[in-house]
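K.L.:
My questions will all concern the structure given below.
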Ligand code: FES
């Protein structure tokens, strides 16, 4: 080996090294300029400025009403509950639409560290963007269907009501009639079959569930999509609860794991916007902010506007069975 | 220093283009070597099968490529199955040959590992290129599996992307660079952009890389000859036609078996992305599960301990020709390497089965540790015991 090294005369070796160094440098500069070919211009650029105001429709294009969704309501005795999913805020971004009977969903300050039922609706527990029908005692809540761990979507991430313990969660120790940590909660869980993350929908926006036999690999709650109704009880989605988390696939790395402002500013990249609706924008909407319902024009919601007027988008609610059967 | 049975590693690559002299059949620069009858033993042909699989994948892949549309990935895949003549068999055989190729790559690699034919002459280079080919094979397979836009494929894609961001890869690479890497993989992440990018990697970039590296890998093989024999005048069987015929026959048999299997067990396309279905779900393909599981059962959870572990294992395999300092060739003469090889084979098998039956489940650290240490014991102990027994036997015989 030594011999072969000595075979090359010294100046030649130096020239070679110089040449090699220069080539590497040139390659690096060239590579940098290549970046614009590899990274599309519209990457990391939001497809719209603010969250869209979107009316929820069934697959035939008819707006759905609160009472339509209430037919699907799950209670503590429910065995199977169809999955209702709509895309929001972008296409390809599934969101669960859940109706739970017999509970007024409120969001505690932090996820409770013990217990499994609903949090008592204290006077100041916020209900931001959750629809509550007091006559039937039904709450309607929308939670992102993109797992906060590594982004699995329905049907891998799936709501299983109180009487339906999925096989995969039995593997980690849940039991139908378990006690303490092994108890499958009263209203069940949104359970991710990819790696076993658990989310408790009756905790509203703070739904990360770590009180079971095994901890969730996810470390944030499922983002809560805000819902409002109009005078004919049609349902609208208008944003994401900013005290909650960012949709997983929208995280910009690094430093992409904060709440609040980032929910508002960085969420709408990497996809295609939901479709515009040909209906006219409703004049007043009713929604929960804090503990009380508010009625106001849609422009106060901070949703996407074009030249000062709110644009109405639409999104389709699909299910795995029943009249809304379809794919998201 | 003990006398070594290996030829010395040759690091001066310029010698590759020099003419080889004193070969039994004359001298040449690049050509096909003749071998002795020993060269026709079946274990010398593991590489030929992998090469056959590669060629078959390219041919069947070209046919599939005519019908695939990255705008309509799932629908166009269904179209291939339902409307293209023999489409179902072609698509299934492309899948099964991919399975075969991966299995054969493992087989080929482990054979060289146990025989110790990664040292001497250019063989160190042949091995390291082989490891790159191994990685490319698995990556290409994973990309192909994503191309159909099934629910499980998209789960894999989403997990992969988030994994890159959240694991050490994303944490070490500066923000702009990880953005670049991601953009190269999925563009702006819309459906069409994603699938055009995946398609480009699957059918062009990785495949061409593989073919190119394979060519060098193969030329190096022809240059170094079989590791297990010395060329001898008068005993060599000429490459043409014997070797060629042998290669052709073994290729035909492999392709035939795969086509028959695909006709008998045609593959069903799993749930499309976006469909909602309760009940049972497809699990990831078997060659993905060990990788996935390795990241998982490292005991530190997905993303933190797993990625460095996988990288570490790959680097170790890559560097084996330089790590292995033993002087003799037999498997028992290199006990540590052999034991590690068995450990590797067992680990892959265990994790494949485990990952296949419980893809997402993280086990407790105690169980994980228990499993790994048991495996360590059952691999190292017998190898050293056998080596001891062999030495003992030799001493008695003398
Ligand atoms: S993606 Fe849901 S637990 Fe990992």
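The values are calculated or read from the model by the stated rules, or taken from the named source; none is laboratory data. Values in this document were obtained by computation on a predicted structure and should not be read as measured data. Here Cβ is always computed from backbone atoms with ideal geometry, including for glycine, and neighbour counts include all displayed protein chains.
K.L.:
Hey, can you tell me all the residues within segment A:122-160 that are away from the ligand (no atom under 14 Å from the Cβ), within 19 Å of the chain's Cα centre (by Cα) and on the phi > 0 side of the Ramachandran plot?
P.N.:
Selection gives A:129 alone.
So that you can scan it fast, the table gives a plain yes or no per residue for (1) at pLDDT below 90; (2) within 16 Å of the ligand (Cβ to nearest atom); (3) under 30 Å from residue A:42 (Cα atoms); (4) within 9 Å of another protein chain (Cβ to nearest Cβ):
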{"position": "B:155", "(1), (2), (3), (4)": "yes, yes, yes, yes"}
{"position": "B:195", "(1), (2), (3), (4)": "no, no, yes, no"}
{"position": "B:227", "(1), (2), (3), (4)": "yes, no, no, no"}
{"position": "B:236", "(1), (2), (3), (4)": "yes, no, no, no"}
{"position": "B:250", "(1), (2), (3), (4)": "no, no, no, no"}
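K.L.:
For a quick check of your reading of the model, give me the residue pairs whose first member lies in segment B:3-20 and is under 28 Å from residue B:330 (Cα atoms), whose second is assigned to a loop (DSSP other than H, G, I, E, B), with beta-carbon atoms closer than 6 Å and at least 6 apart or on different chains.
P.N.:
Hits for this filter: B:4/B:327; B:5/B:328; B:5/B:329; B:6/B:119; B:6/B:120; B:7/B:120; B:10/B:122.
K.L.:
Report yes if residue B:146 is over 29 Å from residue B:276 (Cβ atoms) and in contact (Cβ under 8 Å) with a residue 24 or more places away in the chain, otherwise no.
P.N.:
Criteria not met by residue B:146.
K.L.:
So which of B:241, B:266, B:282 is in a helix (DSSP H, G or I), assigned by TED's automatic domain parsing to the domain that holds residue B:98 and surrounded by fewer than 17 Cβ atoms within 10 Å (Cβ to Cβ)? Let's see the steps before the verdict.
P.N.:
Numbers: B:266 fails: in a helix (DSSP H, G or I); B:282 fails: in a helix (DSSP H, G or I).
On inspection, the qualifying residue turns out to be B:241.
K.L.:
Got a sec? Which of A:158, A:128 is within 14 Å of chain B (Cβ to nearest Cβ) and out of contact with any helix residue (DSSP H, G or I) (no Cβ under 9 Å at 6 or more places or on another chain)?
P.N.:
On the way: A:128 fails: within 14 Å of chain B (Cβ to nearest Cβ).
Answer to the selection: A:158.
K.L.:
How about segment A:68-87: which of its residues are part of a loop (DSSP other than H, G, I, E, B) and more than 14 Å from every other protein chain (Cβ to nearest Cβ)? Reasoning before the result, please.
P.N.:
Here is the first cut: in segment A:68-87, the residues part of a loop (DSSP other than H, G, I, E, B) are A:71-73, A:75-83.
Scanning segment A:68-87 gives A:71, A:73, A:75, A:76, A:77.
K.L.:
So, residue A:205, is that one buried (at least 24 other Cβ atoms within 10 Å of the Cβ), away from the ligand (no atom under 16 Å from the Cβ) and in a loop (DSSP other than H, G, I, E, B) or not?
P.N.:
Details: buried (at least 24 other Cβ atoms within 10 Å of the Cβ): yes; away from the ligand (no atom under 16 Å from the Cβ): yes; in a loop (DSSP other than H, G, I, E, B): yes.
Yes: the conditions hold for residue A:205.
K.L.:
Please work out which residue is nearest to the other protein chains (Cβ to nearest Cβ), limiting yourself to segment A:131-155 and to residues that are farther than 20 Å from residue A:220 by Cβ and in a loop (DSSP other than H, G, I, E, B). Break it down into steps so the answer makes sense when it comes.
P.N.:
Residues of segment A:131-155 farther than 20 Å from residue A:220 by Cβ: A:131-140, A:155.
Still in the running and in a loop (DSSP other than H, G, I, E, B): A:134-137, A:155.
On the way: A:134: 30, A:135: 30, A:136: 25, A:137: 27, A:155: 5 Å.
My answer is A:155.
K.L.:
Here is a check on your reading of the model: is residue B:210 in contact with a helix residue (DSSP H, G or I) (Cβ under 6 Å, 6 or more places away or on another chain), within 11 Å of chain A (Cβ to nearest Cβ) and part of a helix (DSSP H, G or I)? Write out each step before concluding.
P.N.:
Values: in contact with a helix residue (DSSP H, G or I) (Cβ under 6 Å, 6 or more places away or on another chain): yes; within 11 Å of chain A (Cβ to nearest Cβ): no; part of a helix (DSSP H, G or I): yes.
No.
K.L.:
Continuing with the same structure: Taking the criterion of being within 16 Å of the ligand (Cβ to nearest atom) and either closer than 30 Å to residue B:284 by Cα or part of a loop (DSSP other than H, G, I, E, B) (or both), would at least one residue in segment A:96-110 satisfy it?
P.N.:
Step one: filter segment A:96-110 for residues within 16 Å of the ligand (Cβ to nearest atom), giving A:96.
This time we only want the ones that are either closer than 30 Å to residue B:284 by Cα or part of a loop (DSSP other than H, G, I, E, B) (or both), so: A:96.
Yes, that holds for at least one residue.
K.L.:
Hey, can you tell me all the residues within segment A:185-202 that are more than 12 Å from the ligand (Cβ to nearest atom) and out of contact with any strand residue (DSSP E or B) (no Cβ under 7 Å at 6 or more places or on another chain)?
P.N.:
Result: A:185, A:186.
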